[in-house]
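So the structure is just underneath, and the comments pick up after that.
The values are calculated or read from the model by the stated rules, or taken from the named source; none is laboratory data. Just so we're clear, the structure is a prediction, and the values are computed from it rather than from any experiment. Virtual Cβ from ideal backbone geometry, glycine too; neighbours counted across all protein chains shown. The accessibility values were calculated without ligands, DNA or RNA, using every heavy atom of the protein model including side chains. Shrake-Rupley method; radii C 1.70, N 1.55, O 1.52, S 1.80 Å.
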Amino acid sequence: MVSLALDSAALAETYDRVSDRQFNHGKLLIDDLQVSPGERVLDVGCGTGRLGAHVAELVGPSGEVVGVDPLPLRVALANSKRGPGFRASVGRAEDLSQFADGSFDVVFLNSVLHWLPEKLGPLREARRVLKRGGRLGISAAAKERPHDVERVLEDVLSSLGLTGTAEASGGTTHKVTSDALRSTLVLAGFPRPKLQIRTFTDHFADTEDVIAFNLASSFGNFLSNFAPADAARVRGAFEAELERRRTPEGIRLERHLIFAVARADG
Ligand SMILES: C[S@@+](CC[C@H](N)C(=O)[O-])C[C@H]1O[C@@H](n2cnc3c(N)ncnc32)[C@H](O)[C@@H]1O
C-alpha cells in the first residue's frame, strides 16, 4: 500500500537534491517527445519540478509548462525554486478536472506511473486533456525486469524468513509490464504506442546514499511497512548485501525503465 502521508519537508528537500537520476532519464523522455517552442505541456506527478523547469526552457516564453503533484510540500518547493516558466499545483493523475479537454500539446509522467494503483483512469484523463495528435510520454519501472535494489531486498527478506515481496517493501507496489501498459494505452485512446525498456546503471557512495535516495524517491514508503524489530534486521542485512555490490566506482545497482511515447487518437 503506497501512502501519500509519509512525506516531510526533509524528504522533499532531499529528493530535490538527489533526483539527478530521475532528472537525467526524464530528459531522455523529453527528447523522445520532441517538445518544441510554443507548446503547452502538463507534467503529471511533477515532484519538485526540476524536469518541468527544463521543459519550460524548451517551450520558451511563448509556451507554458504546468505541473500537478499530490504532495503539497513538493509542490511548494517546486514553486519556490523553479523559474516563472513552470507552475505547479496540488493534484492527482486520476483527476485532471482543473484542465480543459484538448488543452495540451504534450503530457508526461516521469517516474510516476508505478505509484498509481490504477492506470486506465489516469491515462484516459491524459488523453482527455491532450489535443488530437498530442503526445503522451511515460517512464516507469518495468515489472518484468525488477531493479537490482528490489532483487537485493527480495534476497534479504527470503533469507530472514520475512513474508512480502521486495516490491511491496520498497513501496513500488503498482509496477506494470510493457505488455500491460501497451494494452492500457490502446484502451485509453493511444492507438499505436511505442515502448522500449532502457537500463540505467547507478553508483552510490555508500549504503546511506542508497537508502536516502530510495526514501526520498518513494516519499517515505521505502522499508516503511515493517514492525520496528524487523525493520532493524532488514536494514542491517540489506546494507550488508549492498556492500557486496561495491565496485571501485561505488555500490553498483541497475534500474530498468519502460519508456512509452504515444499520440492521442484523432
Ligand atoms: C519519483 S517522484 C518523480 C517526480 C518527478 N516526476 C521527477 O521526475 O522528478 C514520483 C512522484 O509521483 C507523485 N505521485 C504519487 N502518486 C501520484 C498520483 N496519484 N498522481 C500524480 N502524482 C503522483 C509523487 O507525489 C512524487 O512526486
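Odds and ends about this structure:
- Helix 20-33 axis versus longest C-alpha principal axis of the chain: approximately 30°, rounded to the nearest ten.
- Working note: 222 nm ellipticity from helices only, DSSP H runs with n ≥ 4, each -39,500 (n - 2.57), summed and divided by the residues of the chain, gives -12000 deg cm²/dmol to the nearest 500.
- Total lysine pairs whose alpha carbons fall under 21 Å of each other in the chain (8 or more apart, or interchain): 10
- Annotation: amide H-H contacts under 5 Å for Glu254 (H modelled 1.01 Å from N, sequence separation of 5 or more, or interchain): Asp148, Val149, Asp202.
- In loop segments of the stretch 68-127 as defined by DSSP, the GluC sites (Glu not before Pro) with at most 12 further C-beta atoms inside 10 Å of their C-beta are Glu118.
- Accessible-area composition of the chain, carbon plus sulfur, in percent [1.4 Å probe]: 52
- Between 0 and 90°, nearest 10: helix 148-159 axis offset from the chain longest Cα axis: 40
- Shown here for the stretch 1-60: trypsin sites (Lys or Arg not before Pro) in loop regions (DSSP other than H, G, I, E, B) with at most 16 other Cβ atoms within 10 Å, of which there are none.
- Ordered from highest to lowest accessible area with the whole protein assembly present and a 1.4 Å probe, Asp230, Asp209 read as Asp209, Asp230.
- Solvent-accessible surface (1.4 angstrom probe) belonging to Thr201, in square angstrom, nearest 10: 60
- Surface exposure of the stretch 9-263, expressed per residue as accessible area with a 1.4 Å probe, stands at 43 Å².
- Antiparallel %, DSSP beta bridges [both residues in the stretch 38-170], to 5: 5
- The stretch 9-263, Rg to Rh (Cα coordinates; Rh as Kirkwood inverse mean 1/r): 0.98
- Sparse-neighbour loop sites [trypsin sites (Lys or Arg not before Pro); the stretch 176-262; at most 14 other C-beta within 10 Å; DSSP]: Arg244
- Taking the C-alpha atoms only, the angle from helix 9-18 to the longest principal axis of the chain is near 80 degrees.
- Counted over the stretch 9-263, the DSSP beta bridges are approximately 50% antiparallel.
- Using C-alpha pairs below 8 Å separated by at least 6 residues, the relative contact order for the stretch 150-266 is 40 percent.
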